[in-house]
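Just below is one structure, and these are the notes that go with it.
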Amino acid sequence: MNTIHERAVVSKKAILGDNNTIGPHAVIEEGVTIGSNNMICPGAVIFKGTTMGNGNLIHAGAILGDIPQDIAFDGSETFLEIGNGNRIREYCTIHRGTKAGTKTVIKDNTFLMGYTHVAHNCQIGTGVITVNTVVFGGYVEVGDHAFVSASVVVHQFCRIGKYAMVSGLSAVNMDIPPYLTGGGRPACMTNVNIVGLKRAGFSPDVRKEIKNAFKILYLEGLSRPNAIARIEQECTSAEVKYFVDFIKNSKRGIAAGGEKEDVMM
């Protein structure tokens, strides 16, 4: 059984699971599918084309699944897909896809703090954290467990790799490789995300390989192809293979190196 406040507006054509709580002045349009054990706080709006899993907390004033801010959007049917266990804080805005049949995706256990904006066709991985007023342009991809600090702006089509950390007030206009930290305007890479990798349980040997890969790529003065070749020769872990593949598959190019921070492994 769901608990729906008498002042909420829930379409009879919306599909709801069980044990959802929907607060006053929340709006859920037709064409929305919501699983079970979700809390929709007062004033949140969920537009058609949105599918949500279980155990999500949607705070007051959040806007989910509105049309994209794209002048080329022609009104086609597009979608927003939200997984399980996410916390979406006050006044976050998450828009659905822009081209017919496409979707924006928020996976599981993300924590999007207040006023985060996720534009059309973004792909946000599991366990991602964004601090207040982060802005993701269209088609941005954010890997699992990345941490994006307050007021970071990410250019459309950029990627942020797994377990990367971007410092506050940064402007990201190229891809941020996985496992690294960086920031600035434009964002540059400064070191390995030591604390994040330790907390996530990466072994000392894997952390050592990632540190070596960072050193070869950014500190040895090698060309990008020569650096990649040397990393592949010296490092064998699956994590560094992902690191290399991420760089090889970059379409925008990866962020440059900045002044290295002295952090112990």
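Some points to look at:
- Residue match in the stretch 122-129 (condition: within 15 Å of I63 (Cα to Cα), assigned by TED's automatic domain parsing to the domain that holds G35, buried (at least 19 other Cβ atoms within 10 Å of the Cβ) and modelled with pLDDT of 95 or more): no
- Residues in the stretch 156-170 that are assigned to a loop (DSSP other than H, G, I, E, B), free of Cβ contacts under 8 Å to residues at least 40 places away in the same chain and either at negative phi or buried (at least 19 other Cβ atoms within 10 Å of the Cβ) (or both): Q156, Y163, A164, S167, G168, S170.
- Residue ID - surrounded by the fewest Cβ atoms within 10 Å (Cβ to Cβ), chosen from residues in the stretch 1-49 that are in a loop (DSSP other than H, G, I, E, B) and among the aliphatic types (A, V, I, L, M): M1
- Among the residues of the stretch 82-108, the ones that are under 10 Å from L64 (Cα atoms) and part of a strand (DSSP E or B) come to 5 in all.
- Contact map, the stretch 171-197: first residue without any contact (Cβ under 8 Å) to a residue 24 or more places away in the chain, second residue part of a loop (DSSP other than H, G, I, E, B), Cβ cut-off under 7 Å, separation 6 or more or different chains; pairs are A171/R185; A171/P186; A171/A187; R185/S170.
- The residues in the stretch 196-226 that are over 28 Å from the mean Cα position of the chain (by Cα), assigned to a helix (DSSP H, G or I) and surrounded by 12 or more Cβ atoms within 10 Å (Cβ to Cβ) can be counted, and the count is 1.
- Some residue of the stretch 60-74 being of a type in the set (D, E, K, R) and closer than 17 Å to T116 by Cβ: yes
- Per the conditions (1) of a type in the set (D, E); (2) in contact with a His (Cβ under 9 Å, 6 or more places away or on another chain); (3) more than 19 Å from I15 (Cα to Cα), the sole criterion not satisfied by D144 is (2).
- Failed criterion for G182 (all others in (1) at pLDDT 95 or above; (2) not in a strand (DSSP E or B) hold): (2)
The values are calculated or read from the model by the stated rules, or taken from the named source; none is laboratory data. Just so you know, these numbers come straight off a predicted model, no measurement behind them. Cβ atoms come from the backbone with ideal geometry, glycine included; neighbour counts cover every protein chain shown.
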